[in-house]
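The values are calculated or read from the model by the stated rules, or taken from the named source; none is laboratory data. Keep in mind it's a predicted model, so treat the numbers as computed, not measured. Every residue, glycine among them, receives a Cβ derived from its backbone with ideal geometry; neighbour counts consider all protein chains shown.
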Amino acid sequence: MLLLYQMLAIVIWSSSFVAAKYAYEMLDAALMVQARFVIAALIVLPTCRRHLGKIPKNQWKNLIFLSFINYVLVLMLQFMGVKYTSAASATTIVGLEPILMVLLGHFFFGDKAKWWDWLCGTIAFMGVGLLVWGGHGEGGSVDLFGCVLVLLAGLFFCAAYRPTQKLIAEIGAPAYTSVSLVLAAILCVPFSLGLAENLSVNWQAKGVFSLLYLGVGCSWFAYWLWNKGMSGAQANVSGLLIALEPVFGVILAMLLLGERLSLVSGVGMVLIIGATLSMAILHQRGTKSASEK
């Protein structure tokens, strides 16, 4: 059941870059990130007030730090990156996160990677090279700088996963989700104002709907589902579920935004998605075999 929560969160997140492209027609990317945090914070504010006094004082430093990493830093990097590159390429780069999760676990958390992790990781990063090398596809460009920003966001997200999981286990998912979103809305203010290239808002119905979807669905509901699932799910298993995100994201980008990729970029995309899905299947089989012994 816990994995089901995270699966639903991934499906919602897969549409976030598509919604962002519509929102960019109304306001700057940095302001969009700030606005979605404000919307989410207003939703969780009553819950936040109930949990404020229950959080131990020694946990506040970690809570503030992880709120900044998981929300402000990760989302600002992601959506600033999407401003420069296509939604399809960005969501494919997000698909690298399962591999990043395993490799970071190997080097920093004592979870030894298997031989297939290294093989799938090599294939996936070859796919990234082809994705960027493919250059400009018809209907949507693949930009190196934008892809790098999205990749950096994935690195920070994966690095913060285990500390976040530990904190959620100690203070509870409802407390973490509500308080961290309110903190994110506050912590994001100087960055959104400093990074915004244009502070004006071109109000339009499509942009407003997209912004509400990002704030309510992607920022609040999806994170609530994800954090609830994190309370008991294994880090590697949860990380591998993210392999499904680019599958949905690419399909939505092509159907709703009309994005097209060059043949070279398309091959790179297939390599990334194929490598992450293969690694997920191999890990599931490995876990099943170990439990049967």
Return the pairs, sorted by first residue and then second, in which the second residue is assigned to a loop (DSSP other than H, G, I, E, B) and of a type outside the set (Val, Ile, Thr), the first residue lies in region 97-121 and is under 25 Å from residue 78 (Cα atoms), the beta carbons are less than 7 Å apart, and the residues are 6+ apart or on different chains. 102/113; 103/113; 105/111; 106/112; 106/113
Would you confirm whether any residue within region 126-136 is buried (at least 21 other Cβ atoms within 10 Å of the Cβ) and not aliphatic (A, V, I, L, M)? yes
Out of all the residues in region 93-106, is one or more in contact with a Pro (Cβ under 7 Å, 6 or more places away or on another chain), within 18 Å of residue 248 (Cα to Cα) and of a type outside the set (A, V, I, L, M, F, W, C)? yes
Residue under question is residue 149, and the condition is that it be modelled with pLDDT of 95 or more, in a helix (DSSP H, G or I), in contact with a helix residue (DSSP H, G or I) (Cβ under 8 Å, 6 or more places away or on another chain) and closer than 22 Å to residue 101 by Cα; does it hold? yes
Within region 34-75, residues being of a type in the set (S, T, N, Q) and either surrounded by 20 or more Cβ atoms within 10 Å (Cβ to Cβ) or touching a Cys at 6+ places or on another chain (Cβ under 9 Å) (or both) number 3
Answer from 261, 255 - the residue that is at pLDDT 85 or above and among the hydrophobic types (A, V, I, L, M, F, W, C): 255
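Restricting to region 51-60, name every residue that is charged (D, E, K, R) and either in contact (Cβ under 8 Å) with a residue 60 or more places away in the chain or in contact with a His (Cβ under 7 Å, 6 or more places away or on another chain) (or both). Walk me through how you get there before you give the answer.
So in region 51-60, the residues charged (D, E, K, R) come out as 54, 57.
Selection gives 54 alone.
When you look at residue 102, is it crowded, with 21+ Cβ neighbours inside 10 Å, farther than 19 Å from residue 214 by Cβ, in contact with a Leu (Cβ under 7 Å, 6 or more places away or on another chain) and modelled with pLDDT under 90, yes or no? Spell out the reasoning first.
Values: crowded, with 21+ Cβ neighbours inside 10 Å: yes; farther than 19 Å from residue 214 by Cβ: yes; in contact with a Leu (Cβ under 7 Å, 6 or more places away or on another chain): no; modelled with pLDDT under 90: yes.
Here the answer is no, as residue 102 does not meet what is asked.
Go through 94, 182, 142, 132 for me and flag whichever is in contact (Cβ under 8 Å) with a residue 12 or more places away in the chain and either aromatic (Phe, Trp, Tyr) or farther than 15 Å from residue 272 by Cβ (or both). Can you show your working first?
Details: 94 fails: either aromatic (Phe, Trp, Tyr) or farther than 15 Å from residue 272 by Cβ (or both); 142 fails: either aromatic (Phe, Trp, Tyr) or farther than 15 Å from residue 272 by Cβ (or both); 132 fails: either aromatic (Phe, Trp, Tyr) or farther than 15 Å from residue 272 by Cβ (or both).
Result of the check over 94, 182, 142, 132: 182.
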For region 267-282, give me each residue that is under 9 Å from residue 130 (Cβ atoms) and not aliphatic (A, V, I, L, M). 268
Given the residues 29, 23, which is the only one that is within 17 Å of residue 91 (Cβ to Cβ) and either touching a Phe, Trp or Tyr at 6+ places or on another chain (Cβ under 6 Å) or free of Cβ contacts under 8 Å to residues at least 40 places away in the same chain (or both)? 29
Scan 209, 157, 145 and give me the residue that is surrounded by fewer than 15 Cβ atoms within 10 Å (Cβ to Cβ), out of contact with any Gly (no Cβ under 6 Å at 6 or more places or on another chain) and under 23 Å from residue 246 (Cβ atoms). 145
Tell me whether region 187-206 contains one or more residues that are of a type in the set (Val, Ile, Thr), outside any loop (DSSP other than H, G, I, E, B) and in contact with a Cys (Cβ under 8 Å, 6 or more places away or on another chain). no
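Looking at region 189-245 only, could you name the residues that are among the hydroxyl-bearing types (Ser, Thr, Tyr) and at pLDDT 90 or above? Don't jump to the end; show me each part of the working.
Kept after step one, since they are among the hydroxyl-bearing types (Ser, Thr, Tyr), are these residues of region 189-245: 192, 200, 210, 213, 219, 223, 231, 238.
If the condition is that a residue be among the hydroxyl-bearing types (Ser, Thr, Tyr) and at pLDDT 90 or above, then 192, 200, 210, 213 are the ones that fit.
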